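The values are calculated or read from the model by the stated rules, or taken from the named source; none is laboratory data. Owing to the predicted nature of the structure, the values given are computational and were not obtained by experimental measurement. Cβ placement follows ideal geometry from the backbone for every residue including glycine, while neighbour counts extend to all protein chains displayed.
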Amino acid sequence: MIKKKTPNVDLNDYTLPDGTMLDEQVRKEIDEIRPIYQAALREVITKIEILDDDLQRKNYYVPIHYMESRIKSVASTIEKAERYGILDPISNIDKVKDQIKDIAGVRVVCKYIDNLYYFSEYLIKQDNVELVCIKDYCKTPKKSGYRSLHVVIKVPIYYLDRTLYVPVEIQFRTIAMDTWASLEHELKYKNKGQVSEEMHERLIDCANKLLEIDVQMEEIRKTIIKE
């Protein structure tokens with residue numbers, strides 16, 4: 001059984017980044033859209049759980065440490081849309097849906113690096129899954145030191161009168177990568193996103209040391225399996 005976490009996001013919060021509230025008509029439109037993304041999350045989570053069960057049967061260990069999912073808040077979605085250069089996102093919701101691919105997101109925290117690639121590879125091989133993009137921050141980490149494997153796919157959601165292909169972003173991480181990302185986010189949040197150059201270098205050093213541990217643990221596991 002995969003442990004699941006649910007982030008504390010109030011889906012009934014219609015507050016915009018500037019503190020104002022959405023008008024009632026736009027709220028209704030968002031309320032019609034949100035269940036579509038929730039359905040897509042359920043679809044993706046089920047697929048991952050099935051792959052996890054299969055890997056457990058074949059390898060006799062539990063590959064996923066935990067999994068969490070979320071729908072982006074209205075404020076967060078609007079902020080990202082504005083960063084993407086979408087003018088007046090509230091009046092261009094269709095454009096927001098088209099360009100913002102992580103409105104629905106799943107984070108899968110695994111025990112070993114090869115698990116990340118196993119799940120992503122077999123997920124995108126499925127017939128009803130459309131690959132949108134892969135960003136491998138494990139092999140090419142961000143300047144901050146952040147590592148993770150980001151995969152965006154589209155899955156079909158079947159309704160009585162239509163079929164929609166909905167994007168979902170899946171972030172695959174090891175426990176070590178997730179620990180670093182969580183602590184780095186907390187430290188930057190407390191300091192309003194700013195850290196000194198010295199602290200930045202130390203954070204990168206920590207990320208590199210955790211990668212070394214990830215690699216060693218995977219080597220140990222493979223050696224033990226052969227014995």
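Listing for the model above:
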{"item": "Test: residue in segment 11-20 that is exposed (fewer than 15 other Cβ atoms within 10 Å of the Cβ) and at pLDDT 85 or above", "result": "no"}
{"item": "Neighbours by Cβ (under 9 Å, 6+ apart or cross-chain): first from segment 31-42, touching a residue at least 24 places away in the same chain (Cβ under 8 Å); second of a type in the set (D, E, K, R) and not in a helix (DSSP H, G or I)", "result": "TYR37/LYS72; ALA40/LYS154; LEU41/ARG70"}
{"item": "Conditions (1) touching a helix residue (DSSP H, G or I) at 6+ places or on another chain (Cβ under 9 Å); (2) under 20 Å from LYS97 (Cα atoms); (3) basic (Lys, Arg): number failed by ARG162", "result": "(1)"}
{"item": "Unmet criterion (only one of (1) surrounded by 14 or more Cβ atoms within 10 Å (Cβ to Cβ); (2) in contact (Cβ under 8 Å) with a residue 12 or more places away in the chain) for ASN92", "result": "(2)"}
{"item": "Residues satisfying the stated conditions in segment 172-198, i.e. outside any helix (DSSP H, G or I) and either surrounded by 14 or more Cβ atoms within 10 Å (Cβ to Cβ) or among the charged types (D, E, K, R) (or both)", "result": "PHE172, ARG173, THR174, LYS192, VAL195"}
{"item": "For GLU201: the one exception among (1) more than 27 Å from TYR66 (Cβ to Cβ); (2) free of Cβ contacts under 8 Å to residues at least 24 places away in the same chain; (3) not in a helix (DSSP H, G or I)", "result": "(3)"}
{"item": "Test: ALA207 is among the small types (Gly, Ala, Ser), under 15 Å from SER144 (Cβ atoms) and in contact with a Pro (Cβ under 8 Å, 6 or more places away or on another chain)", "result": "yes"}
{"item": "Residues (under 18 Å from TYR37 (Cβ atoms) and at pLDDT 90 or above) located in segment 49-76", "result": "MET67, GLU68, SER69, ARG70, ILE71, LYS72"}
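Residue by residue, here is whether (1) surrounded by 14 or more Cβ atoms within 10 Å (Cβ to Cβ); (2) in a helix (DSSP H, G or I); (3) not charged (D, E, K, R) holds:
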{"residue": "GLN38", "(1), (2), (3)": "yes, yes, yes"}
{"residue": "GLU43", "(1), (2), (3)": "yes, yes, no"}
{"residue": "LEU51", "(1), (2), (3)": "yes, yes, yes"}
{"residue": "VAL62", "(1), (2), (3)": "yes, no, yes"}
{"residue": "MET67", "(1), (2), (3)": "yes, no, yes"}
{"residue": "ARG70", "(1), (2), (3)": "yes, no, no"}
